[in-house]
Amino acid sequence: MESGVVILIGMFFTVAVYLMLSKQLVRILLGIAILGNAVNLLIFTNGRLTREVPPLIPDHLYAPETATANPLPQALVLTAIVISFSFFAFLLVLAFRAYQELGTDEVDEMRIAEPEHDQTPPQGY
């Protein structure tokens, strides 16, 4: 099971890097979203993919009797999902406002700070 998930994580990272190297903002945003999912799967896989009992301790014991599931990776993934979704929502609004202001989603055409026909700044002192 873990080897299949590891291959899936590798494919997610590959697709994410490919999309983030694009010149369209929408593809870059999709790459960032896929990268967040790949990181979440990576954290979850590092916590071992096993079928074990929930980490509940009976009242008469101080420690669990058998091996239990590790709740830490699940809590980390849940937190990472919330953070990556809010980051994606922020970037989506930022890209939409950039498209409204500049009229394009091509990264190379967004040259407000350095217009294309202006004189280039000096390269040395």
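Each Cα pair under 8 Å and six or more residues apart adds its separation to the average, and for the stretch 1-79 the resulting relative contact order is 26 percent.
Dividing the Cα radius of gyration of the stretch 2-53 by its Kirkwood radius returns 1.12 for Rg/Rh.
Tell me the carbon and sulfur percent of the accessible area for the chain, rounded to whole percent, probe radius 1.4 Å. Don't skip to the end; give the middle numbers.
Numbers: 6530 of 9920 Å².
Looking at the chain in its full context, I get 66 percent from C and S.
Ligands, DNA and RNA excluded, the heavy atoms of residue 48 present near 140 Å² of accessible surface to a 1.4 Å solvent probe.
Can you give the local net charge around residue 25? Use residues other than it whose beta-carbon is closer than 10 angstrom to its beta-carbon, Lys and Arg +1, Asp and Glu -1. All intermediate terms of the calculation are to be shown ahead of the outcome.
On the way: positive: 23, 27; negative: 105, 106.
So the surrounding residues net to 0.
From helices alone, the chain scores -20500 deg cm²/dmol at 222 nm; the rule is -39500 (n - 2.57) for each run of n ≥ 4 DSSP H residues, then divide by the residue total. Multiplying the residue separation of residue 79 and residue 2 by 0.36 nm and subtracting their alpha-carbon distance yields 25.5 nm.
For the set 125, 99, 18, 62, solvent exposure ranked by accessible area (probe 1.4 Å, protein chains only) runs largest to smallest as 125, 62, 18, 99.
Residues of the stretch 53-107: accessible area per residue at 1.4 Å, in Å²? Solvent-accessible surface per residue comes out at 78 Å².
The modelled label-to-label distance between residue 86 and residue 65, using points 7 Å beyond Cα along the C-beta direction, is 4.2 nm.
Once divided by 2.2 N^0.38 Å, the Cα radius of gyration of the stretch 71-125 becomes 1.88.
Over the stretch 1-95, all Cα pairs binned in 10 Å intervals from 0 give whole-percent P(r) values of 15, 35, 26, 14, 7, 2, 0, listed from short to long.
The values are calculated or read from the model by the stated rules, or taken from the named source; none is laboratory data. Everything numeric in this text was worked out from a predicted model, so none of it was measured. Every residue, glycine among them, receives a Cβ derived from its backbone with ideal geometry; neighbour counts consider all protein chains shown. Side chains are part of the model used for accessible areas, which takes the heavy atoms of the whole protein and leaves out ligands, DNA and RNA. Shrake-Rupley method; radii C 1.70, N 1.55, O 1.52, S 1.80 Å.
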